[in-house]
């Protein structure tokens, strides 16, 4: 990826974060489905690459969306906030 492609990923993820960070919907809601759909669009937009996965004694190579690690981190944070907001568990970190 060149610098412009990396900047585009970061810009999309930042816009996603700014949109959802202070208004996390309940997981059972239609808005949660919208949130996850937007995350999936970002992951699909930038294609895939091969990554090494350790499943068992031998590593394997699998395709993974290029933006998956950063998008998934933000989705994990939103899930933690959803649990905290609706009394399921404290925010981690």
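Each Cα pair under 8 Å and six or more residues apart adds its sequence gap; the mean of these over the residue count of the range 3-85 is a relative contact order of 30 percent. I'd like the FRET efficiency for residue 85 and residue 8, computed as 1/(1 + (r/R0)^6) with the beta carbon distance as r and R0 of 35 Å, rounded to 0.05. Calculated transfer efficiency: 0.70.
Sorting 45, 81 from the fewest to the most surrounding beta carbons within 10 angstrom yields 45, 81. A viscosity of 1.002 mPa s and a temperature of 20 °C, combined with the Kirkwood radius over C-alpha pairs in the Stokes-Einstein formula, give the range 3-85 a diffusion coefficient of 154 µm²/s.
By the beta-carbon count within 10 Å of each Cβ, the least crowded to most crowded order of 70, 36, 42, 58, fewest first, is 58, 36, 70, 42.
Comparing 28, 82, 64 in a Gaussian network model of the chain, where Cα atoms under 10 Å apart are tied by springs, the biggest mean-square fluctuation is seen for 28. Listed by Cβ neighbour count within 10 Å, with the fewest neighbours leading, 79, 30 appear as 30, 79.
The angle between the Cα long axis of helix 3-20 and the longest principal axis of the Cα atoms of the chain comes to about 20 degrees, rounded to the nearest 10. Computed from label points 7 Å out along Cα-Cβ, the spacing between residue 55 and residue 29 is 3.4 nm. What's the angle, to the nearest 10 degrees (0 to 90), between helix 68-85's Cα axis and the longest principal axis of the chain? The answer is roughly 20 degrees. Between 0 and 90 degrees, the angle of helix 30-45 with respect to the longest Cα principal axis of the chain falls at about 20 degrees.
Calculated FRET efficiency, residue 19 to residue 64, Cβ-Cβ distance, R0 = 25 Å: about 0.55 to the nearest 0.05.
Since every read-out is calculated from the coordinates, none of them should be taken as a lab result. As the structure is a prediction and not an experimental result, all values here were calculated from the model. In this analysis, Cβ positions are derived from the backbone assuming ideal geometry, glycine residues included, and neighbour counts consider all displayed protein chains.
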